[in-house]
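The values are calculated or read from the model by the stated rules, or taken from the named source; none is laboratory data. In this text, all values refer to a predicted model and were calculated from it rather than measured experimentally. When we count neighbours, we look across all protein chains shown, and the Cβ atoms used for this are built from the backbone with ideal geometry, even at glycine. Surface accessibility is based on the protein's heavy atoms, side chains included, excluding ligands, DNA and RNA. Shrake-Rupley method; radii C 1.70, N 1.55, O 1.52, S 1.80 Å.
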2 protein chains.
Amino acid sequence: MDVARKDIHNSQIPVVCRSCEARHGGVCGALSSGQLIELNRHSVRREVSAGCEIVGQGEAVCRYSSVLRGVVKLSKMMSDGRQQIVGLQFSPDFLGRLFLHESTLTAEAATDTEICSFPRPILDRMIAETPELGHRLHSQALQELDDARDWMLTLGRKTAQEKVASFLYMIATHIDPDSADCATFDLPLSRADIGDFLGLTIETVSRQITKLRKLGIITVENNRHVTVPDLDRLNTAAGND
Amino acid sequence: MDVARKDIHNSQIPVVCRSCEARHGGVCGALSSGQLIELNRHSVRREVSAGCEIVGQGEAVCRYSSVLRGVVKLSKMMSDGRQQIVGLQFSPDFLGRLFLHESTLTAEAATDTEICSFPRPILDRMIAETPELGHRLHSQALQELDDARDWMLTLGRKTAQEKVASFLYMIATHIDPDSADCATFDLPLSRADIGDFLGLTIETVSRQITKLRKLGIITVENNRHVTVPDLDRLNTAAGND
DNA sequence: CTGCCACTTTGATTTCGATCAAGTGGGGGA
DNA sequence: TCCCCCACTTGATCGAAATCAAAGTGGCAG
């Protein structure tokens, strides 16, 4: 496919992108069809199974990605092994750190995921060419900043019970965004990961989930499948009135 | 001063801006002299004394600002009064939330401060016209996101001792950036504020400062003035090797 | 079916930081 | 000058979550 052909087909979009969930909310939604074709020529779609690292803390990053399916956890680790999950990325979030060549954190698939990755320089150039693209990434960064700061309130000031309820509420509203008052979903994180997200131990997480179950705020099947009959009640348990 | 005169004086910059500390690192550094003149025509420089609110959580924000002097604390509050400081802004940081009309947090002067504020629509327009300006704000947002995530590790996984040491180390490196291995500075925050930043009570903060003093890692005069003879040692106490 | 392994739950005890309660000291106003 | 107020420190006790320990679960390879 040479340049002439590409131009003729400008109004087309690559076949793999047509049904891609990331194309609307994600970065690709800000690209022209020509840019989409070019980016697609260099992009790699791949499955990453749960537990596999996507980029490591301190590593040089030469590719950006979009999350297409599944949940990616972003974490920081201290030298003695203490770990903190600092963010979760869902489809169609952008994965990468503009303006910096070293990753400041580890990105790891929390569930089986699918990502679409592309070389840094190509996207960097497109950002320079396309204000709408820079704007979208800027906007996502600010949203992530708001989320991080909300989470700081949870980490610093909430009780274990409120932390676990906050976590479940956050997952419920992200995984199952339609349902207004009740929700049902599979937890994307193990108890250990939930502990690392909330700054708690695995035992405390387990005990608090049991308490919320006994209070009738949630029901749990097979350890991972959670039903929330009343989201407002869960949100109250999370300390958010 | 009409448009013709402004253009003639393009190579000039407004008098008040000439010695302004925010003009180089801050947003104004990305503006042409014409833009600087225009922005200056609508901007207000003002003193805000310690403890005064600049914007409130949930408030509509019609002006952005630059911090010229002093320290501004960003905080979130729960309905029952529990509070968490989620960030500190130093000169020449930008203060405001692009793309959103409600402030998601409270900004309050921690020390006596000076800020330069200007109407939202004017800066929004300049951002659209000047890629370099958008780039700078994007870059600051990503830096704040990195800082917030570092702080999440501190909040979630460090002990009280490490938290207080981390706080002192952060302040030392921000206030007194030159000195490589030792530092001396006034704490910009009260014990209560430090507690709200670290997710601790005022008593615990006080006890940990006393311990660090007894270990010889810091010396304190008049409760506020701190000297750190060996920054590396403080950083080790903060859990960062 | 059996046994193993990873994950989770539950229970007993300890510990760190919160809470409750004085006490100190410096600066400003009457 | 005195005294009051406020920010901070220090001490005693309490309690929530960590730690230590053991006992389920459930999936899966053999």
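The table below lists the values:
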read-out: Ascending list, in nanometres, of distances separating the A:SER49 label from those of the other copies (7 Å, Cα toward Cβ); value: 6.6
read-out: Accessible area of segment B:158-237 belonging to carbon and sulfur atoms, whole % at 1.4 Å probe; value: 50
read-out: Per-copy distances of the A:GLU221 label point, shortest first, in nm (7 angstrom along Cα→Cβ); value: 7.0
read-out: Solvent exposure of the protein assembly as shown as accessible area per residue, Å², 1.4 Å probe; value: 45
read-out: Average Cα contact separation per residue, chain A, under 8 Å, 6 or more apart, as relative contact order %; value: 18
read-out: Set of lysines near B:LYS73 by C-alpha distance (under 28 Å), chain-local residues within fewer than 8 positions excluded; value: A:LYS76, A:LYS158, A:LYS163, B:LYS158, B:LYS163, B:LYS211
read-out: Max mean-square fluctuation residue, GNM over chain B, Cα-Cα springs under 10 Å, options B:SER32, B:SER19, B:SER43; value: B:SER19
read-out: Candidates A:LEU39, A:LEU200, A:LEU145, ranked by Gaussian network fluctuation over chain A, Cα under 10 Å, top entry; value: A:LEU145
read-out: In nm, spacing of pseudo-spin labels at A:ARG41 and A:ALA128 (7 Å Cα→C-beta vector); value: 1.8
read-out: Alpha carbon centroid spacing (whole Å) that separates segment B:168-212 from segment B:39-73; value: 24
read-out: Accessible carbon and sulfur surface of segment A:3-154 relative to its total accessible area, %, 1.4 Å; value: 54
read-out: Integer Hz, Karplus 6.51/-1.76/1.60 couplings in order for segment B:236-241, x for Gly and Pro; value: 5, 4, 7, x, 9, 6
read-out: Label distances, nm, A:GLU21 versus same residue in remaining copies, Cβ-directed 7 Å point; value: 4.8
read-out: Within a Gaussian network of chain A (alpha carbon springs, distance under 10 Å), most fluctuating of A:ALA30, A:ALA107, A:ALA180; value: A:ALA180
read-out: Shielding by other protein chains, A:71-84, mean Cβ within 10 Å; value: 3
read-out: Helix-only mean residue ellipticity at 222 nm for the protein assembly as shown, each DSSP H run of n ≥ 4 adding -39500 (n - 2.57), per residue, nearest 500; value: -13000 deg cm²/dmol
read-out: Cut-off under 5 Å, modelled amide H: who pairs with B:ARG69 long-range; value: B:GLU114
read-out: B/A buried area, accessible surface, summed, 1.4 Å probe, Å²; value: 4000
